[in-house]
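I have placed the structure first, in the form of C-alpha cells, so that the comments after it can refer back to it.
The values are calculated or read from the model by the stated rules, or taken from the named source; none is laboratory data. Everything numeric in this text was worked out from a predicted model, so none of it was measured. Here the Cβ is made from the backbone with ideal geometry for all residues, glycine too, and neighbour counts use every protein chain on show. Quick note on the areas: whole protein, heavy atoms, side chains included, nothing else; ligands and nucleic acids left out. Shrake-Rupley method; radii C 1.70, N 1.55, O 1.52, S 1.80 Å.
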Amino acid sequence: MYLTREEEKILDGESGPALARAMRLLVCLGDLGGAERFVPIRRSQIAGISYKTSGDPTLELIESLAQEKATVRTRASLNPAGMDLNRWEDMGIPPAFAEKQLRICSAYRRLRVIPSCTCTPYLSGNKPLFGETVGFSESSAIAFVNSIIGARTNRHGGLDALSAALVGKVPLMGYLLDKNRVGTIRVRIDFEPKNEADYSALGYFIGKSVKTDEVPVIEGIEQASTDKLKLLGAASAASGSVALFHVIGRTPEVLSKSTRAGMRNLRSELHVGKNEILSVYEELGAGEEPDLVFIGCPHCSVHEIATVADLLSGRKVKKRTKLWVFTSPQVLRNVERLGYVNKIRIAGGDVFRHTCMVVAPIEDLGFKCVYTNSAKAAFYIPRMTQGKCAARFLSLMDCIRICTTS
Ligand code: F3S
C-alpha cells in the first residue's frame, strides 16, 4: 500500500503505540484486500463489545487503549452489549458478568466512542449519507447502510472497525469501489410476502443461496418498507455473507449508471417462491412452548414498537412467558414519550435497550425456548448457547398471539 508521510509516521509510532498497532492492522488488511491507499472516514460502528462474545481479552485490550489515552477520530458508536446497562438486574444478569460488561463500556467511553449500544446506529444519530465512506462492523448494519442508504463500507470485524476509528481511515478496496457494487445475481420473487417475517425469511434464503461476495439484485418487492428491508438484510448477512444488495424500484444505487449497466449482464438467477420461504420456517422451527418471546433483531424502530403496542391492546402476556422488546436508547426515549412502552408494560411485556438475546448471556437467564420474528435471531440463538436454548421463527402476529391471552 502507498502510505503518505503522515501515515508512515503513525505506523512508526510517532502518534503513540495504540495508533501504531491500529495502523499496522489496517495496512495488513489493505495489503490482503489489494488496496493501493487509504481513504478518510468520519463514521464508525464498532461491534464485538458484549462480554459474552468478547470476554477478558477484549476487556484488557480496550482498558489498555484507554490507559494509553487513545481516542477515536470519527463519530464512532457501539454495537449492543450483553445487557441493558441501566436495568441489567431486571433482566436477571449475573453481577459478575455485569461488572465486566460495565468496565468494557466505560473503557470505550474513555476512547470517546458513543455508548449507544445498538445495531441500528442509522436510527440513532450515526446515519451515513448516500455515497459516504464509513468503517462499520455489525453485519446487519453493514447490509443496511450499503444497500438501503447507499453509503459505502466493507465488512469489518470489531477490531478493524476500532482501528479504523482510531486512525480515521480505511483501506480503499472491496465495496468502496464502484466495480464491486454492481449486481451479480438476479433474484426473482415469485410470491407476495405477507408480513415482516416473510421478508426476514426471504433474506435468510437469499443469504444461504448466493455465494460469498455476490451482490443480489432483487426484483418484485418494490413495496417493501425500510423496516422490512432491515430484517431482510440482517437475515441475509446471518445465513450467508451478503453485505450489499439492490432492490429494483426501491434502493438508491439501482439508479446509478454502473449498476444499471451491470444489471443488463446478470448471468445467474435465483427464483424464490412460497416453498422456499416455507423451508426457512421449517428449518428455524425448533422448540415447543416458549418461555421468552424476543422482538427487536435488529433493534426496533419507533414504528415497530408502536406495532407491538397495538397488537397487545386488550391482551395480557401469559404468566409462564416473557415478552421482551429490544431497541436503542434513543428510540426508547421516543417510544416512552409516545406512550408505547407503557402500553407494552401494562400488557405484561418489557422493553430493554443496549442489548439483545443473541449477545446477552441468555443461557444464564434460564430460558430454554425463544420465539422470535427474526430469522437472524432464530439462527444464532441455538448456536450462541451451544444448543441450551432452542429458537422458533414466526411472525410478530403469531408471536404475540401465542404468548398472550385476551
Ligand atoms: Fe442486532 Fe443482536 Fe440482532 S446485535 S442484529 S439484535 S443479533
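A few remarks follow.
- Residues satisfying the stated conditions in region 370-388, i.e. more than 14 Å from the chain's Cα centre (by Cα) and not in a helix (DSSP H, G or I): Val370, Tyr371, Thr372, Asn373, Thr385, Gln386, Gly387, Lys388
- Hits in region 199-218 - residues which are at pLDDT 95 or above, open to solvent by 10 Å² or more (accessible area, probe 1.4 Å) and either more than 18 Å from the chain's Cα centre (by Cα) or of a type in the set (Lys, Arg) (or both): Lys208, Ser209, Val210
- Matching option when the condition is outside the structural domain of His299 (by TED's automatic domain parsing) and open to solvent by less than 10 Å² (accessible area, probe 1.4 Å), among Leu244, Leu255: Leu244
- Meets criteria (in a helix (DSSP H, G or I), within 16 Å of the ligand (Cβ to nearest atom) and either modelled with pLDDT under 95 or not assigned by TED's automatic domain parsing to the domain that holds Ile114 (or both)) for Ile400: no
- Residue check: Ile277 meets all listed conditions (1) within 16 Å of the ligand (Cβ to nearest atom); (2) under 18 Å from Pro193 (Cβ atoms) but one, namely (1).
- Exactly one residue out of Asn126, Asn154 is within 16 Å of the ligand (Cβ to nearest atom) and modelled with pLDDT of 95 or more: that is Asn126.
- The strands (runs of 3 or more DSSP E) found wholly in region 166-230 and carrying at least 1 residues that are within 28 Å of Ser395 (Cα to Cα) occupy 185-189, 216-219.
- Boolean, Pro115 is under 21 Å from the mean Cα position of the chain (by Cα), within 21 Å of Ser64 (Cα to Cα), of a type outside the set (S, T, N, Q) and not assigned by TED's automatic domain parsing to the domain that holds Ala377: yes
- Evaluating Arg112 against the criteria (1) over 28 Å from Gly33 (Cβ atoms); (2) open to solvent by 10 Å² or more (accessible area, probe 1.4 Å); (3) in contact with a strand residue (DSSP E or B) (Cβ under 9 Å, 6 or more places away or on another chain) leaves one unmet condition, (1).
- If the condition is being among the hydrophobic types (A, V, I, L, M, F, W, C) and open to solvent by 10 Å² or more (accessible area, probe 1.4 Å), then region 148-184 contributes Ile148, Ile149, Leu159, Leu172, Met173, Leu176, Leu177, Val182.
- Filter result for Ile62 (among the β-branched types (Val, Ile, Thr), more than 16 Å from the ligand (Cβ to nearest atom) and either part of a loop (DSSP other than H, G, I, E, B) or open to solvent by less than 40 Å² (accessible area, probe 1.4 Å) (or both)): yes
- Region 21-34, subset of a type in the set (Gly, Ala, Ser) and open to solvent by 10 Å² or more (accessible area, probe 1.4 Å), residue farthest from Ile62 (Cα to Cα): Gly34
- Looking only at region 219-241, and only at residues there that are away from the ligand (no atom under 16 Å from the Cβ) and not charged (D, E, K, R), the one that is surrounded by the fewest Cβ atoms within 10 Å (Cβ to Cβ): Gln223
- In region 65-86, the residues that are part of a loop (DSSP other than H, G, I, E, B) and within 16 Å of the ligand (Cβ to nearest atom): Asn79, Pro80, Ala81, Gly82, Met83, Asp84, Leu85
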